[in-house]
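One structure below.
The values are calculated or read from the model by the stated rules, or taken from the named source; none is laboratory data. None of the values given here were measured: they were computed from a predicted structure. Neighbour counts are summed over all protein chains in view; Cβ atoms, including those assigned to glycine, are modelled from backbone coordinates with ideal geometry. Heavy atoms of the whole protein, side chains included, go into the accessibility calculation; ligands, DNA and RNA do not. Shrake-Rupley method; radii C 1.70, N 1.55, O 1.52, S 1.80 Å.
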Amino acid sequence: MPTGFGRLWTAQTVSSLGDGVTHAALPLLALALTRDPMALAVVTAAGTLPWLLFGVLGGALVDRWDRRRTMWITDTARAALLAIPAAAAALDVLSIPLLATVAFLLGLGGLFFDTAATAYLPDLLGRDPALLESANSRMRGSQTAASGFAGPPLGSALLAIGRAVPLLADAVSFALSALLVRSLPVTPRPIPQVRESLLRQARAGAAYVFRDRLLLGLALRPAVGNVAFLAVETVLALFAHDRLGIATFGFGLLLTAEATGGLLGAAVASLLGRRLGTGTALTCTAAIEGLAVLGLAAAPNPYVAGLALAVCGAGMGATMVLGPSLRQAIVPAHLMGRVASTSRMLAMCAAPFGAFLGGWLATTYDIRTPLYAAAGLLLAMTAVTASMTGNRRVDAALRDAAPTVGAGHQTLEEPVREDAPELL
């Protein structure tokens with residue numbers, strides 16, 4: 001690994017620890033203000049709305065901007081932003097509208113940072129498929145350990161000290177991440193031969209995803225998955241409290257169980273890919289996620305619920321290594337930001353629907369209903385996308401990309417593979 005990877009890895013780990021603190025604290029802060037499932041859904045959905053509104057355009061901007069600079073400026077802005085709700089919490093004027101606004105702005109910052117980081121990593125590693133899979137496995141593992149394993153219990157504990165404390169802790173993590181990212185080496189930006197409008201460039205990135213069945217299948221999995229997972233996440237704190245009898249600190253431990261599974265999934269992702277093939281491994285992990293959520297819905301006690309979340313986390317952890325690594329290996333460098341943002345936009349714009357679906361089902365029917373609906377969605381998605389991301393298609397894409405690795409800095413547009421149908 002290049003020297004710069006260690007700094008990028010450390011920056012992401014520090015920031016993920018702060019994210020884990022906020023991930024546990026934010027729904028608990030909202031729960032302290034209201035018991036209305038729809039109000040909780042507003043806070044959850046607000047963080048995903050930036051991808052719906054600005055996802056593709058954000059990717060086009062990242063492909064124009066210096067990616068390293070984009071990352072450290074975004075983290076600096078997010079550190080400053082968190083001072084506002086921290087002050088409101090300290091003054092006891094925190095409200096659901098303020099939490100939703102902060103979640104929206106943090107999500108907007110995440111749009112630019114995540115897209116820039118996804119585009120920066122292949123350039124840093126020379127677009128080597130083996131290095132990319134290894135790097136994503138390490139980064140996903142540390143992200144899971146920090147944001148899911150250590151962060152949620154820490155967030156619950158800090159919340160017991162004071163409402164402002166977990167928000168300030170996340171602000172510090174963003175500031176440290178910004179300092180580390182700023183020290184990373186500068187990588188060359190793709191230089192287009194023709195200066196096109198931002199909208200036209202954004203459309204080209206979206207078209208590249210929709211014309212390619214493999215990339216479209218890789219994008220549909222998290223899109224449908226986010227509908228399901230946000231439906232679960234919206235009511236999880238209420239489900240844990242009312243049905244499982246879990247208190248504030250116990251909720252953090254419940255999230256830790258999911259993170260523990262995610263850590264294991266990220267660690268074995270490469271092994272699964274080698275043994276089963278990347279396509280088959282992705283189908284298996286998707287099926288595991290659906291069955292695990294079904295087990296969570298039927299869980300009679302906190303221990304079974306924790307086990308179900310751990311299994312679900314393992315499936316998610318492996319998926320989040322295999323899918324992005326494959327995309328980074330086959331997409332040309334000059335399109336990476338736009339393709340990454342388009343794929344992420346499809347996933348994230350689906351999330352608000354999942355959040356409101358979870359709130360509506362819980363209000364109209366029962367607190368377990370969103371979980372059963374989520375399990376059905378995940379299993380249906382597995383069946384639909386299995387052929388789109390099969391081993392044969394994956395191997396063909398890697399063969400096609402191999403001769404042009406590193407050539408993405410030469411031209412503006414890349415020809416679409418022959419098996420890709422016209423859509424846009």
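Before moving on, here are some points about what is shown:
- Filter result for residue 257 (small (Gly, Ala, Ser), over 19 Å from the mean Cα position of the chain (by Cα) and open to solvent by 20 Å² or more (accessible area, probe 1.4 Å)): no
- Taking every residue in segment 162-179 that is over 19 Å from residue 109 (Cα atoms) and outside any loop (DSSP other than H, G, I, E, B) and pairing it with any residue that is open to solvent by 50 Å² or more (accessible area, probe 1.4 Å) and of a type outside the set (D, E, K, R), at least 6 positions away or on another chain, yields no pair with a Cβ-Cβ distance below 7 Å.
- Some residue of segment 327-345 being touching a residue at least 24 places away in the same chain (Cβ under 8 Å), closer than 22 Å to residue 42 by Cβ and crowded, with 24+ Cβ neighbours inside 10 Å: yes
- Considering residues of segment 133-164 that are at pLDDT 80 or above and open to solvent by less than 10 Å² (accessible area, probe 1.4 Å) only, the residue nearest to residue 14 (Cα to Cα): 155
- When residue 322 is tested against (1) under 16 Å from residue 130 (Cα atoms); (2) surrounded by fewer than 24 Cβ atoms within 10 Å (Cβ to Cβ), just one condition goes unmet, and that condition is (2).
- Residue pairs whose Cβ atoms lie under 8 Å apart, separated by 6 or more positions or on different chains, with the first residue in segment 270-298 and open to solvent by 30 Å² or more (accessible area, probe 1.4 Å) and the second aromatic (Phe, Trp, Tyr) and at pLDDT 90 or above, are 294/372.
- So residue 382, is it hydroxyl-bearing (Ser, Thr, Tyr) and surrounded by 24 or more Cβ atoms within 10 Å (Cβ to Cβ): no
- Every residue from segment 65-87 that is of a type in the set (Gly, Ala, Ser) and open to solvent by 10 Å² or more (accessible area, probe 1.4 Å): 77, 79, 80, 83, 87
- Enumeration of residues in segment 97-132 that are open to solvent by 20 Å² or more (accessible area, probe 1.4 Å) and under 17 Å from residue 13 (Cα atoms): 113, 114, 117, 118
- The listed residue being in contact (Cβ under 8 Å) with a residue 12 or more places away in the chain, buried (at least 21 other Cβ atoms within 10 Å of the Cβ) and within 15 Å of residue 359 (Cβ to Cβ), out of 43, 62: 43
- Residue 377, sole failed condition from (1) over 22 Å from residue 140 (Cβ atoms); (2) of a type outside the set (Asp, Glu); (3) buried (at least 23 other Cβ atoms within 10 Å of the Cβ): (3)
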